[in-house]
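Chemist: Sharing a structure below in structure tokens format, with a few things to ask.
The values are calculated or read from the model by the stated rules, or taken from the named source; none is laboratory data. Everything numeric here is computed off the predicted structure, so don't read it as measured data. Every residue, glycine as well, gets a Cβ built from its backbone with ideal geometry; the counts of neighbours run over all protein chains shown. Accessible surface areas use protein heavy atoms only, side chains included; no ligands, DNA or RNA. Shrake-Rupley method; radii C 1.70, N 1.55, O 1.52, S 1.80 Å.
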Amino acid sequence: MNRRIRKKKAKQQQEMIDNFVAALVELKEAIDAAEREYWRKWAEESTRQFAETILRQCERRYGRKEELQQPTT
């Protein structure tokens, strides 16, 4: 009887460990996905800010964008 109980408890413990490991793997994947999304948004925002800064500098130096693009007709 004791052997059967110990075997059952060991099996339950192993199942709990396996479930815990699976939950940790899912959590790690979710964290990784959130981190990738954060850096993607950061890169988009940085690129946008960089482009706006360059455009402002060009506008100060060469005039407004509309003045630069003269109609060719």
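Chemist: Before I look further, what does the chain give for accessible area per residue, probe 1.4 Å, in whole square angstrom? Spell out each step's value before the answer.
Modeler: On the way: 7460 Å² over 73 residues.
I get 102 Å² per residue for the chain.
Chemist: Follow-up question, since we're still on this one. Bin width 5 Å, origin at 0, all Cα-Cα pairs of the chain: what percent of pairs per bin?
Modeler: 3, 13, 8, 9, 7, 7, 8, 6, 7, 5, 5, 5, 4, 4, 3, 3, 2, 2, 1, 0
Chemist: Same structure again: Modelling each spin label as a point 7 Å along the Cα-to-Cβ direction, I'd like the GLU37/LYS8 distance in nm, to one decimal.
Modeler: With each label point 7 Å from Cα toward Cβ, the separation is 4.4 nm.
Chemist: Taking all protein chains in place and a 1.4 Å probe, what share, in percent, of the accessible surface of the chain do carbon and sulfur account for?
Modeler: Values: 4260 of 7460 Å².
Answer for the chain is 57 percent, counting heavy atoms of protein chains only.
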